[in-house]
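Participant: Okay, handing you the structure first.
What follows is calculated from the coordinates using simple rules that are stated; it is not laboratory data. Note that this is a predicted model, so its numbers are computed, not measured. So basically every Cβ, Gly included, is an ideal-geometry build from the backbone, and we count neighbours across all protein chains shown.
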Amino acid sequence: MSDLATRYRDLLAAIAAAAQAAKPPRTVRLLAVSKSQPAAALRGLYALGQRQFGENYAQEMLLKAAELSDLTDLELVFIGRIQSNKIAAIVRVAAAVQSLASERHARLLAAAVASVGKTPYPVHLLINAAGEASKDGLSGEAAQGLARTIAAELPELRLRGVMAIPPPLSQLQLGDDGRGVPRLFRQLRLLADSIGEGDLSLGMSADLQPAILAGSNCVRVGTALFGERR
């Protein structure tokens with residue numbers, strides 16, 4: 001078995017075990033974060049059964065979409081910083097966006113998806129979970145306000161829930177349930193419950209298990225699958 005196949009098998013097993021241990025048990029999607037990886041790496045993981053891949057850069061995503069156009073059920077999901085002048089390109093090739101963080105971009109996205117007939121288009125709101133100056137994203141209150149705007153005025157968008165990149169586990173206060181789950185993760189689960197369809201995209205290689213135990217529906221993993229980025 002190749003290294004990629006071994007890592008993929010082990011990761012799926014870890015996700016399944018954590019999902020079964022969650023209360024209540026849940027189904028958790030894997031979004032393979034493939035930024036900086038060549039199209040051949042995505043093709044290799046696709047051959048093992050993976051279908052959803054997260055991309056951070058619009059131009060890189062466009063190139064991969066062209067190289068992998070024969071894989072008709074492969075889905076590229078945009079998870080990076082949105083630039084206004086890239087929105088039309090993002091919508092053209094991405095199956096969904098998980099990093100929406102402003103009303104302006106929401107309106108531009110809605111117009112773009114309407115122009116190409118991809119409505120309703122799945123989006124997650126990006127949450128700056130700890131209010132870090134170095135990160136993009138909305139506060140919980142701002143996210144709820146944008147969610148109301150989307151529900152009332154932008155039927156072109158399908159609001160799935162929220163996505164967050166929290167600080168490292170070592171910087172977070174744990175809850176009192178004895179399961180190693182940070183309080184912030186529980187708060188993100190409660191926030192997701194109030195946004196759109198309630199989907200929570202939370203958890204990467206280093207915090208996979210506590211994110212799932214807290215109630216994540218989608219984990220975004222790159223290094224544990226592909227190895228260190230080039």
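Participant: Starting from the Cα gyration tensor of the stretch 156-230, take the square roots of the eigenvalues, sort them a ≥ b ≥ c, and report rounded, prolate or oblate (rounded when a/c is under 1.5, otherwise prolate if a/b is larger than b/c, else oblate).
Facilitator: The shape class here is oblate.
Participant: For a protection proxy built on the mean count of beta-carbon atoms within 10 angstrom, sort 47-56, 115-124, 199-208 highest first, please. Display every interim value, and only then the final one.
Facilitator: On the way: 47-56: 18.3, 115-124: 16.7, 199-208: 22.5.
By packing density, highest mean first, the sequence is 199-208, 47-56, 115-124.
Participant: Still on this structure, please answer the following. Taking the Cα centre of the stretch 100-186 as origin, work out the dipole magnitude from +1 charges on Lys and Arg Cβ and -1 charges on Asp and Glu Cβ, in debye rounded to 20.
Facilitator: 200
Participant: Using only Cα positions of the stretch 30-109, each an equal point scatterer, no hydration layer, compute I(q)/I(0) via Debye at q = 0.14, 0.27 Å⁻¹ and quote the log10 values to two decimals.
Facilitator: So the normalised log intensities are -0.42, -1.36.
Participant: Looking at the chain only, what percent of DSSP beta bridges run antiparallel? Nearest 5 please. Write down the numbers at each step before the final one.
Facilitator: Numbers: 1 of 27 bridges.
Looking only at bridges with both residues in the chain, the antiparallel portion is about 5 percent.
Participant: For the stretch 179-230 and the stretch 114-147, write down the distance between their C-alpha centroids in whole Å.
Facilitator: 16
Participant: Loop only per DSSP, at most 13 neighbouring Cβ atoms within 10 Å: give me the GluC sites (Glu not before Pro) in the stretch 124-172, ordered by residue number.
Facilitator: Numbers: sites: 132, 141, 153, 156; in loops: 132, 156.
Here the GluC sites (Glu not before Pro) that fit, given the DSSP loop and packing criteria, are 132.
Participant: Let me ask you something else. From the Cα gyration tensor of the stretch 58-185, with a ≥ b ≥ c the square roots of its eigenvalues, which class applies: rounded if a/c is under 1.5, or else prolate if a/b is larger than b/c, or else oblate?
Facilitator: prolate
Participant: Using amide H atoms built in the peptide plane, which far-off residues or other-chain residues are under 5 Å from residue 163 H to H?
Facilitator: The answer is 125, 126, 127, 201.
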